[in-house]
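Working notes, beginning with the structure itself.
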Amino acid sequence: MSFRISLSPCCTNGWVYLDADGFTLLIDIKTEGEPTYKAIAVVLSKYAEILTAICNGKAYPGAVTAVVSGNRPKEYMLAEKVLYAGDDGCMPDLTSDTPAAFMPLLSVPNCATL
């Protein structure tokens, strides 16, 4: 597996765009969820200073908010102490005890069959 993220906000105080609140990086997992997410998490941790972090159900905003969709390993991710990617939530998540900070994005049509 090979991943590459190329962001250099060194001259913008950690932000990619000075006049924006940030942007969302959608990561759609098409292969087996847990091992793929583990590899993604290693790469994302190298960019912690610019990423939104999720810790104990609270989001700490960064310039980039990464969101995992597709074959996401929700239970594995929820068990992590610190996340640099949230979950692409589904409608049933709205009435669950899933922390809102864990799902910065909610996909309605794509989750209908889950």
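The values are calculated or read from the model by the stated rules, or taken from the named source; none is laboratory data. Fair warning: this is a prediction, and the values are worked out from it, not measured in the lab. As a convention, Cβ positions derive from the backbone with ideal geometry for all residues, glycine included, and neighbour counts pool all protein chains shown. The protein model used for the area step is the full one, side chains on, heavy atoms only, and it has no ligands, DNA or RNA in it. Shrake-Rupley method; radii C 1.70, N 1.55, O 1.52, S 1.80 Å.
Test each condition in (1) in contact with a Leu (Cβ under 9 Å, 6 or more places away or on another chain); (2) at pLDDT 90 or above; (3) of a type outside the set (Gly, Ala, Ser); (4) open to solvent by 20 Å² or more (accessible area, probe 1.4 Å) for ASP88 and report the one that comes out false.
Here ASP88 clears every test but (4).
Only residues that are in contact with a Phe, Trp or Tyr (Cβ under 8 Å, 6 or more places away or on another chain), loosely packed, with under 14 Cβ neighbours inside 10 Å and farther than 18 Å from LEU105 by Cα: list them for segment 46-70, please.
Quick first cut of segment 46-70, residues in contact with a Phe, Trp or Tyr (Cβ under 8 Å, 6 or more places away or on another chain) only: 47-48, 50-54, 57, 63-66, 68.
Now narrow it down to the ones that are loosely packed, with under 14 Cβ neighbours inside 10 Å: 48, 57.
Result: ALA48, single match.
Tell me which residues, restricted to segment 74-85, are within 13 Å of ALA41 (Cα to Cα) and either open to solvent by less than 50 Å² (accessible area, probe 1.4 Å) or assigned to a loop (DSSP other than H, G, I, E, B) (or both).
MET77, GLU80, LYS81, LEU83, TYR84, ALA85
Just name the residue that is nearest to the chain's Cα centre (by Cα) out of those in segment 97-106 that are open to solvent by 50 Å² or more (accessible area, probe 1.4 Å) and farther than 24 Å from THR31 by Cα.
Residue satisfying both the conditions and the ranking: ALA100.
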